[in-house]
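Asks: Attaching a single structure in structure tokens format; questions to follow.
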Amino acid sequence: APRVFSGIQPTADSFHLGNYLGALRQWVAMQDTHDAFYCVVDLHAITVEHDPAALRRRTRVAAAQLLAMGLDQDRSTLFVQSHVPEHAELAWVLGCLTGFGEAGRMTQFKDKSAKQGTSGTTVGLFTYPVLQAADILLYTPDPGPGEAALQVPVGEDQRQHLELSRTLAQRFNHRFGATFVAPEAYIPKGAAKITDLQDPTAKMSKSASSPQGIVDVLEEPGPMRKKIMRAVTDTGSEVRYDEESKAGVTNLLRIFSALEGTSVEDLERRYEGSGYGQFKKDLAEVVVDAFTPIRERTLKLLDDEEQLDRLLAQGAGRASAVAARTMEIVRDRVGFVGRGH
Ligand code: TYM
């Protein structure tokens, strides 16, 4: 089966609706069609100042949510990035192939470093996309005739990082011989950029200015309903898809459509003449129904930390086997002397 790799940061106490629709839903679906590797990227999570106890908790909550969404260690490999040190090792090698200006052009770096200020911006934040490239390329399929590219299911905001991963794969191959297969971003059509409920021009994000704008996967039904009912729309009353003049309603239509599996056109027809109230009320139930079982399963999984850690150790073992093989080839190609036996 073709291979898939993706990662998510454990930087909040819950994933949000954007993560789920933009990426995680695809992760779950692809484990049945692909040889899948999914990673909780804790090394990425320390590129901004963090609290160690929070990171430890969030890493487990992240893994529990992914399992609760349907990831299954028997059908895919779920692991924690820091359990496989080859990620950091390959990042060093790729960092030595990345131009300073090239890294400086990454828009996420520009946004995040603007927020952190010069003294708060770390070198780790700067090289973040290089580590992401290493994550992906470690799981490169064995090069061979007609080998399918590695698919990387992500939201729209990761497109530029994926482009850098492709560039670095090609650059490495050009310098040191065919080693990596250039990965491909797998970005869903309707839900690639879910926007903030309070500011439908900004993406839904953990660093949003107000918690009212994001719906957390682990949120209780009460506040979940409230946030959706209070989502910013416009002064009209027509439930119609129009990115320009109805950004709020359009975002809600995308969410509704993706979660219920109904086309936007069908939803527009269903709510013709009914105003925003009923539309939001129904959407709130759709969201609550989608996330309630996930919340309940997550809490149950977190009850048995030892079992959760055992599952993650299992994933780390399988990921390590692949990563170690890739790294052996990389070390040799780059010209490092083998350690001998
Ligand atoms: P992260 O942790 O910020 O987000 C995880 C995934 O959720 C997607 N996403 C969204 N999709 C739609 N609408 C939104 N509002 C929204 N917000 C977030 C992201 O695109 C992402 O797919 N750099 C990555 C983590 C990473 C990674 C990797 C991803 C590290 N190594 C290797 C793929 C492959 C990130 O920060 O995602």
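Asks: Which residues does a label at M229 reach in the stretch 269-291, if reach means a backbone N under 20 Å from a point 7 Å past the Cα toward the Cβ?
Replies: The answer is 274-291.
Asks: Efficiency by 1/(1 + (r/R0)^6): what FRET value for T33 and S237, r their Cβ-Cβ distance, R0 = 30 Å, to the nearest 0.05?
Replies: So the FRET efficiency works out to roughly 0.10.
Asks: Can you tell me the orientation of helix 52-69 relative to the chain, as the angle in degrees between its alpha-carbon axis and the longest Cα principal axis, to the nearest 10?
Replies: Helix 52-69 and the main axis of the chain meet at about 70 degrees.
Asks: With a Förster radius of 45 Å, plug the Cβ-Cβ distance of D13 and N173 into 1/(1 + (r/R0)^6) and report the FRET value to the nearest 0.05.
Replies: Values: r = 41 Å, r/R0 = 0.90.
Calculated transfer efficiency: 0.65.
Asks: Let me ask you something else. Could you tell me the distance between the Cα centroids of the stretch 92-132 and the stretch 277-291, to the nearest Å?
Replies: Spelled out, the Cα-based centre of one part sits 39 Å from the other.
Asks: Pull up all non-local amide H partners of R3: gap of 5 or more, or a different chain, and H-to-H distance under 5 Å with H placed in the peptide plane.
Replies: Under 5 Å from the amide H of R3: D35, Q151.
Asks: Now a separate question. Which of K281, K203, K193 ends up with the largest GNM mean-square fluctuation for the chain, with Cα atoms connected below 10 Å?
Replies: In this elastic network of the chain, the residue with the biggest mean-square fluctuation among K281, K203, K193 is K281.
Asks: Any idea what angle helix 86-95 forms with the longest principal axis of the chain, computed on alpha-carbon atoms, 0 to 90 degrees, nearest 10?
Replies: For 86-95 against the chain, the angle is about 80 degrees.
Asks: Percent relative contact order of the stretch 133-194, based on C-alpha pairs within less than 8 angstrom and at least six residues apart?
Replies: Relative CO of the stretch 133-194 lands at 45 percent.
Asks: Taking R0 as 56 Å, what's the FRET efficiency between E49 and K189 from their Cβ-Cβ distance, rounded to 0.05?
Replies: Result of the calculation: an efficiency of 0.95.
Asks: So what are the ³J(HN,Hα) numbers for the stretch 33-49, from phi and the Karplus equation (6.51, -1.76, 1.60; θ = phi - 60°), rounded to whole Hz, Gly and Pro as x?
Replies: Going residue by residue, I get 10, 10, 8, 9, 10, 10, 10, 8, 8, 6, 5, 5, 5, 9, 6, 10, 3 Hz, with x marking Gly and Pro.
Asks: If you don't mind, another one. Quickly work out the A313-to-T118 label distance, labels modelled 7 Å from Cα along the C-beta direction, and quote it in nm with one decimal.
Replies: Going from the T118 label point to the A313 one covers 4.8 nm.
Asks: Another question, if that's okay. Under a GNM of the chain (C-alpha, springs under 10 Å), which listed residue has the highest mean-square fluctuation: Q132, Q278, Q170?
Replies: It is Q278.
Asks: Further question: Highest GNM mean-square fluctuation, the chain, Cα pairs closer than 10 Å: which of R56, R295, R171?
Replies: Among R56, R295, R171, the largest GNM mean-square fluctuation belongs to R56.
Asks: With a sphere of radius 13 Å drawn around the Cβ of T121, what net charge do the other residues whose Cβ falls strictly inside it have (Lys, Arg +1; Asp, Glu -1)?
Replies: My count for the surroundings of T121 gives +1.
Asks: Test of the criteria: in the stretch 133-200, which GluC sites (Glu not before Pro) are in a DSSP loop and have at most 15 other Cβ atoms within 10 angstrom of their Cβ?
Replies: E147
Asks: Below 26 Å, Cα to Cα, which lysines can K203 reach? Residues fewer than 8 away in the same chain don't count.
Replies: Reachable lysines: K110, K112, K115, K189, K193, K226, K227, K246, K280, K281.
Asks: Percent antiparallel among DSSP beta bridges with both residues in the chain, to the nearest 5?
Replies: Of all bridge pairs located within the chain, approximately 20 percent are antiparallel.
Asks: Sticking with this structure for a sec: What are the residues whose amide H is under 5 Å from the amide H of Y186, where those residues sit 5 or more places off or on another chain and H is modelled from the backbone?
Replies: Under 5 Å from the amide H of Y186: V152, V154.
Every number in this text was worked out from the coordinates using simple rules, so none of it is lab data. None of the values given here were measured: they were computed from a predicted structure. In this analysis, Cβ positions are derived from the backbone assuming ideal geometry, glycine residues included, and neighbour counts consider all displayed protein chains.
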